[in-house]
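What follows is one structure encoded as structure tokens, with my remarks underneath.
What follows is calculated from the coordinates using simple rules that are stated; it is not laboratory data. Because the structure is predicted, anything quoted here is derived from the model rather than measured. Here the Cβ positions follow ideal geometry from the backbone for every residue, glycine too, while neighbour counts run over all protein chains shown.
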Amino acid sequence: MKRNVLSLAAVLTAALSLSASSRADEPQTQEAAPAPAPAQASSEAQAAPAETAAPNAPAAPTADAADAAAPADPQKQDVTAAAAPPAAPARKPPARLTGKLTLQAAIDTALSYNVESKIAGHQSRAARADALSARSALLPTVAFNASYGLNFDIPYGQNTDFYQSFNANLTANQLIYDFGKSRKRWHAVKAQASATEHSSVATRRTVILNVRNAFFDVLEAQALVAVGEKTLENDEKHFEQTKELVDAGTRPTIDLAKLKSQVASARASLIQAQGNERIARAQLSFLLGQPISEGTEIVEPSLGELAFESQPPHELFEKALDNRPDLASQRAAISASRLQLESVESNLWPALYATAGAGWSWRHFMEPFVGFDVGLKLTWTIFDGLSTKGSKAAARENVSIEELRLQYQEQKIFTAIEEASLNVASARAALAALDESLEAAQELLASAEERYAAGVGNIIELTDAQFDVAEAESKRVRGFYEVLSARAALLNAVGVEDWK
């Protein structure tokens, strides 16, 4: 009869432990490795700062350099070298956009390089991968196991028996029926992946809207710079004309001082407009994900009226119900929550599996054994501690939450459409009024110039007319791009991507 069975691993472990303890009792006879020569350590330490210094720039002596020049402790030197992290590779700056930049090119660039657009793409691909993973419950699983052992049998009063053994098994399992639990769970994950993909499209539309608005801001800033340059040029021209009249004695000196103040004010306004243009370019560059060169020309797009901008809000809302990706995403989320509820309701139903296996084993290399088995396996959770009951209640609440979110989004979209429609109408009406105001201001300026040149008008009348023209031109520029921004907002609210 066997009294004890010891595996070879236990025997080897005990032997190694005894050997290690015997070595610990012996005196240490090995000598430490010789330390590097001080001169060599000093030269290496002094060469390190020279590699990172700027070209042709003398390196100032520091305390760190003095410490490096001294003979270094080899043990301390090794620890420092091991603890230092590897230097991160230098990131190459992105190429700047040059030449001419159109609105469509800006949108294409943003969809390729904008961080939010990239994140949305990764999220969409991750959701599809999750759906693929959820399908695995419906597909067969195949596993292979193998083991090898060295064994010692020590029967009582008999000789020790030493032998080798090897075992290999190949098993397969396939779900036959589980009352739809696994399939509904898979469909729920697929529906959630569809919701994520629609959310990715919604992010794309938001990026397009932001790029359009930023592009319009740059164009508006450029136009205001042009207005400022024109205003400064006109003020300087009037200043020179008035100076001639003052020198001739036909006008008082106070007129020249008044125009000099107006020229300085126009120059300050131009500087501010130029700064606003640079800020608008920086904001557009951020949205594009690519830097824009200072010499890049921002091309004015040819954008007409929208085909549906005059339609009433309730008709536009019907279009949005079919076009808005965020509504499609929310509908997919409702479907996913309902399928998840159905899957949870099947948790306490049994599951039937088909199993198959093949095994091979031998002992002493002389006793091989091969076996096969095929069967059915039934698993049934009778009681799970009320886990299914709680999960069902939570799943029902999640369905209600997603349905309420859909209602909220529909209300929010209708309000956005109504506001965008009103903004387009009011912006168009305001632009027409601004055109009339600009025309009247220009006529007033021409009359003031004639009166001043004839000696009938005064300097206040002239400078007021100049200010009115500059103000009317600036307002007209802002009004024009407010119309474009309002139309872009209406496009996004209706869920249309192309400007038609």
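Where Lys and Arg each count +1 and Asp and Glu each count -1, what net charge lies around Ile413 among other residues with Cβ under 14 Å from its Cβ?
That sum, taken over residues with Cβ under 14 Å, equals -1.
A 32 angstrom limit on the alpha carbon distance is what I want to check against. Which of Lys237/Lys475; Lys100/Lys500; Lys190/Lys500; Lys118/Lys319 exceed it?
Exceeds cut-off: Lys190/Lys500.
Compute the length gained on full extension between Ala393 and Trp360: take 0.36 nm times their separation in residues and subtract their Cα-Cα distance, giving the result in nm to one decimal. Don't skip to the end; give the middle numbers.
Values: separation 33, 0.36 × 33 = 11.88 nm, distance 4.90 nm.
Extra length from Ala393 to Trp360 when fully extended: 7.0 nm.
Where nothing but the Cβ of Lys and Arg (+1) and of Asp and Glu (-1) is charged, how large is the charge dipole of region 378-418 around its Cα centre, in debye to the nearest 20?
Roughly 180 debye, rounded to the nearest 20.
With each label point set 7 Å from Cα along the Cα-Cβ vector, what nm distance links Arg451 and Lys118?
6.2 nm
Give the peptides 115-121, 141-147 in descending order of average Cβ contacts within 10 Å, highest first.
115-121, 141-147
What ranking, highest mean first, results for peptides 261-271, 324-334, 300-310 when packing means the other Cβ atoms within 10 Å averaged over each residue?
Ranked by mean Cβ neighbours within 10 Å, highest first: 324-334, 261-271, 300-310.
Expressed in nm to one decimal, what extension gain is obtained for the pair Trp349 and Gln442 from 0.36 nm per residue of sequence separation less their Cα-Cα distance?
This chain segment gains 25.1 nm when fully extended.
Positive end of the dipole of region 329-427, charges at C-beta (+1 Lys, Arg; -1 Asp, Glu), about the Cα centre: which of Tyr353, Ser387, Ser343 has its Cα farthest in that direction?
Going by the charge dipole, the pick is Tyr353.
Might you report the magnitude of the Cβ-based charge dipole of region 404-500 about its Cα centre, with Lys and Arg at +1 and Asp and Glu at -1, to the nearest 20 debye?
Numbers: 9 positive and 17 negative charges, 123 e Å.
Charge dipole, region 404-500, about its Cα centre: 600 debye, nearest 20.
Once you put a point 7 Å from the Cα of Arg125 and another 7 Å from the Cα of Leu386, both along the Cβ direction, what distance in nm separates them?
4.6 nm
Between rounded, prolate and oblate, where does region 347-500 land on the alpha carbon gyration tensor, with a ≥ b ≥ c its root eigenvalues, rounded for a/c under 1.5, else prolate if a/b exceeds b/c?
prolate
Measure off 7 Å from each Cα along the Cα-to-Cβ vector at Glu419 and Ala137, then give the distance between these two points in nanometres to one decimal.
For the pair Glu419/Ala137, the computed spacing is 4.2 nm.
What Rg and what Dmax come out for region 174-314 when only alpha-carbon atoms are used, in angstroms?
29.2, 109
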